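One structure is given here, and the rest of the page talks about it.
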Amino acid sequence: MQHGPVVRRRKLGAELRALRTSAGITSGEAARLVGWHQSKVSRIETGTSGAKPADVRLLLDAYGVTDEQLRGLLVMLAHSEDAGGRNHWWHAYRGVLPPTYRDFISLESQAAAMRTLETTVVPGLLQTPEYARAVTRAAVDGMPAERLDTLVEVRLARQDVLRGEPPLELSAVLDEAVLRRVVGGPGVMSRQLTRLVEAAQLPHVRIQVLPFAAGAHIGVTGPFVIFSFSSTSDLDVVVLDHLTSSLHLERKEDLEAYTEAFNALLIHALSPEDSLDFIAATAAGA
């Protein structure tokens, strides 16, 4: 388990090493092609040190990589401001957002798909402004109004990924507790449930409810997110969110375990159609 920036460096290095090998170029030859010392290539490939966006482009040119989507993704991993995507709008909030949250937003912004299990609250991408405000206020007691406003603003800005071209493919499994827990009062909760019903009808959003009747399930260990990227599954990552930090899992066996867990949850959850009816009925009674 590693924090996000370390994961990105290691993933970037592993992908660059694979591309170099595929091109039939040794690390020494790569260094000569771009005018570096061989040790710099080795440090980048092992994730010991980071790579600048310009460095990544030089290496990709040397390896003959022309796939623009892959190039953009790898440059994104190097924290490029001019990589493809949404231009890292969250950098404007550096003074407010902790590094782990900025890293999460970075992954979310560039991912092609997101699978998430939520056991307590509605996923941030599906929250209404008033629900987001109530959740954020409850998470940090005594938060200054200005900081609260900023965090809610960020939460809502994140939702742009669902309106992008192409939009993020979102698959969410919600424990019934998410629907039953009254956040912000009955009115706020009713409108939030209505929002879920609307979102569930979007072609790129799939919501399934895990009812109490399903009993104990693998999700009782806590919520998690799986990010998938279109260019290569080697960049997929699992994020476990904690109160003060996030942990990222990148090992193949971890990804397989969480993918199997999510698939098992889909089996125990209500179908998307039945989930939509369940949410609508809960909203009617809220």
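For the stretch 55-99, which positions are surrounded by fewer than 15 Cβ atoms within 10 Å (Cβ to Cβ), at pLDDT below 85 and within 20 Å of Leu235 (Cα to Cα)?
The answer is Gln69, Glu81, Asp82, Gly84, Asn87, Pro99.
Determine the pairs where a residue that is aromatic (Phe, Trp, Tyr), located within the stretch 124-147, has a partner that is part of a loop (DSSP other than H, G, I, E, B) with Cβ atoms under 8 Å apart, the partner being 6 or more residues away or on another chain.
Going by the 8 Å Cβ cut-off, the qualifying pairs are Tyr131/Val122; Tyr131/Val183; Tyr131/Gly184.
Could you look through the stretch 22-48, keep only residues that are open to solvent by less than 40 Å² (accessible area, probe 1.4 Å) and outside any helix (DSSP H, G or I), and pick out the one that is nearest to Leu12 (Cα to Cα)?
Per the stated criteria, the residue is Gly47.
I'd like to verify a number: residues in the stretch 245-286 that are part of a loop (DSSP other than H, G, I, E, B) and free of Cβ contacts under 8 Å to residues at least 60 places away in the same chain, how many?
Total satisfying the criteria: 1.
Give me the helices (runs of 4 or more DSSP H) completely within the stretch 68-181, filtered to those with at least 3 residues that are within 28 Å of Ile267 (Cβ to Cβ), ordered by residue number.
Qualifying helices (runs of 4 or more DSSP H): 99-110, 176-180.
If you scan the stretch 50-61, which residues turn out to be in a helix (DSSP H, G or I) and without any contact (Cβ under 8 Å) to a residue 40 or more places away in the chain?
Pro53, Ala54, Asp55, Arg57, Leu58, Asp61
Determine, yes or no, whether Leu156 is within 30 Å of Ser230 (Cβ to Cβ) and at pLDDT 95 or above.
yes
Taking the stretch 199-214, which residues are open to solvent by 10 Å² or more (accessible area, probe 1.4 Å), outside any strand (DSSP E or B) and touching a helix residue (DSSP H, G or I) at 6+ places or on another chain (Cβ under 6 Å)?
Ala200, Pro211, Phe212, Ala214
Look through Val173, Val183, Val152 and report the one residue that is in contact with a Leu (Cβ under 9 Å, 6 or more places away or on another chain), crowded, with 16+ Cβ neighbours inside 10 Å and of a type in the set (Val, Ile, Thr).
On inspection, the qualifying residue turns out to be Val173.
With hydrophobic (A, V, I, L, M, F, W, C), farther than 30 Å from Met76 by Cα and modelled with pLDDT of 95 or more as the only criterion, which of Ile207, Ile279 stands out?
Ile279
The values are calculated or read from the model by the stated rules, or taken from the named source; none is laboratory data. Keep in mind that what you see is a predicted model, and the values were worked out from it rather than measured. No Cβ is skipped: glycine too gets one built from the backbone with ideal geometry, and neighbour counts run over all protein chains shown. Surface areas here come from the heavy atoms of the whole protein model, side chains and all, with no ligands, DNA or RNA. Shrake-Rupley method; radii C 1.70, N 1.55, O 1.52, S 1.80 Å.
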